[in-house]
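Right, one structure below, let's go through it.
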Amino acid sequence: MPGQRTAQPAADLARTVVFAAFIAVLGLFPGLFIAGAAVPVVLQNMGPLLAGSILGARRAGMSVLLFLALVAIGLPLLSGGRGGIAPFAGPSGGFVLGWLLSAVVVGLIVQRGLPRPGLPLLLLANLAGIAADYLVGIPYWAAFTGDLGAAAVQSLVFLPGDAVKLVAVSLVAVAVHRALPAATSRPAGS
């Protein structure tokens, strides 16, 4: 149908922009520095997980990329009102950059479970997304501390909060997939 083809890119763009805005809104909640860590605990890392869970890899990746570009040009969208290049050049920069990989990993896994991914798949996908973020964030943090082991041990403080976040995101995503199956992640080319 010709009308559907022209409407779909606009809908994809709208979803991408809405999720970039959602990630920005999560930045309104301030970060919490626990046990003197140089990297705060934030709610904002839920945004890329939810984007991947709902939008799929391509659209979620574009959402996070748009958000990161807006931060890089100076908009104060990160938790604590941070923006510009400085947040990327600090100890938490790897975790922020890892959101892109996180969203894509979650999206790829969820797309395999379509048309109706269940809670077990979403939990697995979001666990993999958090692991992907840690794979980028911990070595980046280690570059600042000079000690990979210390960065890995210090990141253990994030695990309880991230476990709660991945369950919450997975439950929300299950509800969205059930309520709006046609609007959620579909493989590219569909």
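The values are calculated or read from the model by the stated rules, or taken from the named source; none is laboratory data. It should be emphasised that the depicted structure is a prediction, and the values quoted were computed from it without experimental measurement. Cβ atoms come from the backbone with ideal geometry, glycine included; neighbour counts cover every protein chain shown. Surface areas here come from the heavy atoms of the whole protein model, side chains and all, with no ligands, DNA or RNA. Shrake-Rupley method; radii C 1.70, N 1.55, O 1.52, S 1.80 Å.
Of all residues in the range 102-123, those that are assigned to a helix (DSSP H, G or I), open to solvent by 80 Å² or more (accessible area, probe 1.4 Å) and either of a type in the set (D, E, K, R) or under 21 Å from VAL42 (Cα atoms) (or both) total 1. Across the range 141-166, the number of residues qualifying as assigned to a helix (DSSP H, G or I) and open to solvent by 70 Å² or more (accessible area, probe 1.4 Å) comes to 9. The test for being part of a helix (DSSP H, G or I), more than 25 Å from ALA38 (Cβ to Cβ) and without any contact (Cβ under 8 Å) to a residue 60 or more places away in the chain does not hold for VAL96. State yes or no: is ALA128 assigned to a helix (DSSP H, G or I) and closer than 18 Å to VAL18 by Cα? Taking the combined requirement at face value, the residue does not satisfy it.
Does the range 39-60 contain at least one residue that is basic (Lys, Arg), touching a residue at least 40 places away in the same chain (Cβ under 8 Å), touching a Gly at 6+ places or on another chain (Cβ under 9 Å) and within 20 Å of ASP133 (Cβ to Cβ)? Taking every residue of the range 39-60 in turn, at least one turns out to be basic (Lys, Arg), touching a residue at least 40 places away in the same chain (Cβ under 8 Å), touching a Gly at 6+ places or on another chain (Cβ under 9 Å) and within 20 Å of ASP133 (Cβ to Cβ).
Just one residue in the set LEU77, LEU55, LEU70 is within 21 Å of ALA14 (Cα to Cα) and under 12 Å from the mean Cα position of the chain (by Cα); that residue is LEU55. Sub-8 Å Cβ pairs linking a first residue in the range 137-160 that is more than 20 Å from LEU101 (Cα to Cα) to a second residue that is among the aromatic types (Phe, Trp, Tyr) and surrounded by 13 or more Cβ atoms within 10 Å (Cβ to Cβ), at least 6 apart or interchain, are GLN154/TRP141, ordered by first then second residue.
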